[in-house]
Amino acid sequence: MHFLQFQIIHQVNGTENKNGRENTGKPWSEDEESQLLEEYHSGLKVKEIAKAHERSNGAITSKLAKLIAE
């Protein structure tokens, strides 16, 4: 089975990602990006932000770096 087929089956079945984070691999909405920046500027830790957004610490730091550079 190819990876794409695996992903489609899990989406159809409604199962979450192996890492338990619902938003892994999903695109960021503008609202979520704004919320991310607000949380970061308010002093929340990356670990807390990642849990709230159901994304990995790496996804949070990567997105923050991109948004701050813009």
note = Across the range 30-52, the tally of residues that are more than 20 Å from Glu70 (Cβ to Cβ) and assigned to a helix (DSSP H, G or I) stands at 5
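If a residue must be of a type outside the set (Gly, Ala, Ser) and open to solvent by less than 60 Å² (accessible area, probe 1.4 Å), how many such residues does the range 41-70 contain?
Residues of the range 41-70 of a type outside the set (Gly, Ala, Ser): 41, 44-49, 51, 53-55, 57, 60-61, 63-64, 66-68, 70.
Right, trim to open to solvent by less than 60 Å² (accessible area, probe 1.4 Å) and you get 46, 49, 53, 55, 60, 63-64, 67.
Residues in the range 41-70 being of a type outside the set (Gly, Ala, Ser) and open to solvent by less than 60 Å² (accessible area, probe 1.4 Å): 8 in total.
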query = Among (1) in a helix (DSSP H, G or I); (2) open to solvent by 90 Å² or more (accessible area, probe 1.4 Å); (3) modelled with pLDDT of 60 or more, which single condition is Leu4 missing?
reply = (3)
message = Contact list please: Cβ distance under 8 Å, first residue in the range 53-70 and without any contact (Cβ under 8 Å) to a residue 40 or more places away in the chain, second residue among the hydroxyl-bearing types (Ser, Thr, Tyr) and part of a helix (DSSP H, G or I), pairs at least six apart or on different chains.
response = Leu64/Tyr40
task = Answer with yes or no whether Lys18 is modelled with pLDDT under 90 and among the basic types (Lys, Arg).
result = yes
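The values are calculated or read from the model by the stated rules, or taken from the named source; none is laboratory data. These numbers were taken from a predicted model, which means no experiment stands behind them. As a convention, Cβ positions derive from the backbone with ideal geometry for all residues, glycine included, and neighbour counts pool all protein chains shown. Remember, those area values only see protein heavy atoms, side chains included, never the ligands or the DNA or RNA. Shrake-Rupley method; radii C 1.70, N 1.55, O 1.52, S 1.80 Å.
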